[in-house]
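> Below is one structure. I have some questions about it.
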Amino acid sequence: MFKKVAPYIGKYKKYTVLAAVLMCIGIVANIVPYFFLYQIISPLTRGEHVSLQYVMIRVVAVLICELIYSIAYIRGLIYSHVSAYNTLKNLRASLQGKLEKQSLGNISELGTGRIKKIFTDDIDQIEILLAHAIPEGIANVLIPVLIIIVLFVVDWRMGLLSLVPIIAGLFAMGMMMKAGFEKMNAYYESAAKMNNTIIEYVNGMEVVKVFNKDGDSYKKFGETVRQYRDFTIAWYKVCWPWMAAYSSILPCVAMLIIPVGSAMVISGALTLDKLILVLCLSFAVGPSFLKALNFAGKFPQLDYKITELEKLMDHPPLKEGTNGFKGDSCDVSFENVRFSYEDNEVLHGINLELKQGTTTALVGESGSGKSTLAKLLVHYYDLDGGAIKIGGQDITDMSLEALNDRVAFVSQEQFLFNTTLYDNILIGKPGATKEQVMEAARRAQCEEFLNRLPDGINTMAGDGGKQLSGGERQRISLARAILKDAPIVVLDEATAFMDPENEEKLNAALDEIMKNKTVLVIAHRLSTVKNADRICVIKDGQCIAEDSHDNLINISPEYRKFWEASVSAGAWKIKEA
């Protein structure tokens, strides 16, 4: 297990070694007082006179040992924690790098709850391994082993007796770890599920309240929490008896030494002096072993967590090149594109040509594959087959930075950071001037609501942009895309939350910024894409027709059905009483 974490320790490995050495010194200093105690008791059992000076020297020696123990052990803990937390920093940085190389689709499938648990809870648990289990475990095992060797030197029979409770305790520990490991996978799966459910429950609270779904939502929430509770209790029920057994047996190394040793002294087979020495030393064995084995109980959990981290890190990275953009134009071509969600193929050999300076719209039923095509263009996933090219260059041949420089993506659900609206727009082009940012906001029709805000464009967006309405968030996102001024624009239901009063203005702004750009538009309201240069009808993952609106009305029954439904929806109004 340590080998899995060792590569992330780097230059701080020496601190872990130094911590183990200091802790060994500390534990030795904590054990030596038992020898001084023997030196005080042994003369008394023989009826010898013991002076006050003799006793005080040993008392002072005990105090010095305790001081050495405190300094060495605490210093060892300091070094171990320096090593541990720097290792966790390196581990998180490496994990972040791995995540950045994965597809956004894979990250979304993991769920925010699981990612949060991995980055915080699971990685924090590794601190126990690095800061405590390794240095303290080594010290708390090594020193008792040396004491047992000394017991064998004093009297081999006493040494054997001291091993009996240790072996019994180790057996109980092994049974606990075996029983607990069998239920561990189910326990951690339920914990990850609970994390995702809690986040979903909190984020969806507004919808739950508005549609009076408290009962259904809380039922799901309650079932997930109860499942976690049941798995946890089941795990502990299996472990508790064995935990109680080794916790009771291990500290009692003297359990057999006292009765058997006393009988041997009475029979003359052992001197009282040796029995006292063995007893004094035995008191130092049990607590150290117990502390070490308490860490051992954490190892199966840590092994599971590290294995989960490795699975996440070993997930195939997104296929990405290192080249910049080398295409000869901003034409986009989808060539026999195939894609599956797990084992379900949703795109079956799509072929599309998006000419530079033209607008192509994708229409079709929900789930037909429109948004998937848009996400594939921005390399949200890797393809199962085929290729997507820009100006003749495969997008997997260029770096993500180069691809992102060429494409601006505005989706239906846009995330705003909890910073000023100005900074949220500036993300589109970090080096832009204030005048460029303000111009982008104006062209995205943001001025109207910015003038109403107390701090204008310097107003904080709130967590996820909660200070703004859905339409306002989309206009800020559009301003971000306008500022970026990428030659290829992808709009995935970008006007979904737009109010009717501003839709006409926004469409005019969109027409303006789309000039001389390659544009891919996805919209359910066909009136917004009626004037597109070309409209592609997507059904069941295939392009079944493509042409202008006027031609599609005549040649495509599927498109005509969509258009008639769109017209009917647009003419709908509340009946007057």
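The values are calculated or read from the model by the stated rules, or taken from the named source; none is laboratory data. All of these numbers come straight from a predicted model, not from anything done at the bench. Note that we place each Cβ from the backbone using ideal geometry, even for glycine, and neighbour counts take in every protein chain shown.
> Just to verify a result, which residue in the range 76-106, among those that are surrounded by fewer than 17 Cβ atoms within 10 Å (Cβ to Cβ) and hydrophobic (A, V, I, L, M, F, W, C), is farthest from Glu308 (Cα to Cα)?
If we take residues in the range 76-106 being surrounded by fewer than 17 Cβ atoms within 10 Å (Cβ to Cβ) and hydrophobic (A, V, I, L, M, F, W, C), then Ile78 is farthest from Glu308 (Cα to Cα).
> For the range 328-349: of the residues being among the aromatic types (Phe, Trp, Tyr) and farther than 17 Å from Thr518 by Cβ, which is nearest to the chain's Cα centre (by Cα)?
Ranking the qualifying residues of the range 328-349, first place goes to Tyr341.
> Any residue at all in the range 350-370 that is in the same structural domain as Ala444 (by TED's automatic domain parsing), crowded, with 19+ Cβ neighbours inside 10 Å, within 27 Å of the chain's Cα centre (by Cα) and of a type in the set (Ser, Thr, Tyr)?
So far as the range 350-370 goes, no, none of its residues is in the same structural domain as Ala444 (by TED's automatic domain parsing), crowded, with 19+ Cβ neighbours inside 10 Å, within 27 Å of the chain's Cα centre (by Cα) and of a type in the set (Ser, Thr, Tyr).
> Name the pairs whose Cβ atoms lie under 9 Å apart, with the first residue in the range 41-55 and part of a helix (DSSP H, G or I), the second surrounded by fewer than 12 Cβ atoms within 10 Å (Cβ to Cβ), and 6 or more positions between them or separate chains?
Close Cβ pairs (under 9 Å, with a partner that is surrounded by fewer than 12 Cβ atoms within 10 Å (Cβ to Cβ)) amount to Ser42/Glu48; Pro43/His49.
> Quickly run through the range 271-285 and pick out the residues that are closer than 15 Å to Ser162 by Cβ, of a type in the set (A, V, I, L, M, F, W, C) and either assigned to a helix (DSSP H, G or I) or modelled with pLDDT of 85 or more (or both). Show your work before the answer.
Filtering the range 271-285 for residues closer than 15 Å to Ser162 by Cβ gives 274-285.
From what is left, the residues that are of a type in the set (A, V, I, L, M, F, W, C) are 275-281, 283-285.
Leu275, Ile276, Leu277, Val278, Leu279, Cys280, Leu281, Val285, listed by residue number.
> How many residues, within the range 447-490, are over 30 Å from Leu354 (Cβ atoms), touching a helix residue (DSSP H, G or I) at 6+ places or on another chain (Cβ under 6 Å) and of a type in the set (A, V, I, L, M, F, W, C)?
Total satisfying the criteria: 4.
> In the range 317-357, what residues are without any contact (Cβ under 8 Å) to a residue 12 or more places away in the chain and either under 24 Å from Ala532 (Cα atoms) or assigned to a loop (DSSP other than H, G, I, E, B) (or both)? Reasoning before the result, please.
The initial filter retains those residues of the range 317-357 that are without any contact (Cβ under 8 Å) to a residue 12 or more places away in the chain, namely 341-344.
Residues satisfying the conditions are Glu342, Asp343.
> Given the structure, is Val141 assigned to a helix (DSSP H, G or I), β-branched (Val, Ile, Thr) and within 30 Å of Leu256 (Cβ to Cβ)?
Numbers: assigned to a helix (DSSP H, G or I): yes; β-branched (Val, Ile, Thr): yes; within 30 Å of Leu256 (Cβ to Cβ): yes.
Judged against the criteria, Val141 is a match.
> OK, next. Among the helices (runs of 4 or more DSSP H) lying completely within the range 416-491, list those that include at least 2 residues that are surrounded by 15 or more Cβ atoms within 10 Å (Cβ to Cβ), at pLDDT 90 or above and in the same structural domain as Val202 (by TED's automatic domain parsing).
Result: empty, no element qualifies.
Yes or no, residue by residue, for (1) within 16 Å of Val5 (Cα to Cα); (2) modelled with pLDDT under 80; (3) in contact with a strand residue (DSSP E or B) (Cβ under 9 Å, 6 or more places away or on another chain):
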position	(1), (2), (3)
Arg46	no, yes, no
Leu52	no, no, no
Glu66	no, no, no
Ala84	yes, no, no
Ile143	no, yes, no
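> Quick check on Arg58: is it assigned to a helix (DSSP H, G or I), at pLDDT 85 or above and closer than 21 Å to Leu22 by Cα?
Judged against the criteria, Arg58 is not a match.
> Follow-up. Which strands (runs of 3 or more DSSP E) does the range 518-567 wholly contain that include 3 or more residues that are crowded, with 19+ Cβ neighbours inside 10 Å?
Result: 518-522, 534-539.
> Another question, then. Collect the residues in the range 160-177 that are out of contact with any helix residue (DSSP H, G or I) (no Cβ under 8 Å at 6 or more places or on another chain) and of a type in the set (Val, Ile, Thr), keeping them in residue-number order.
Ile167
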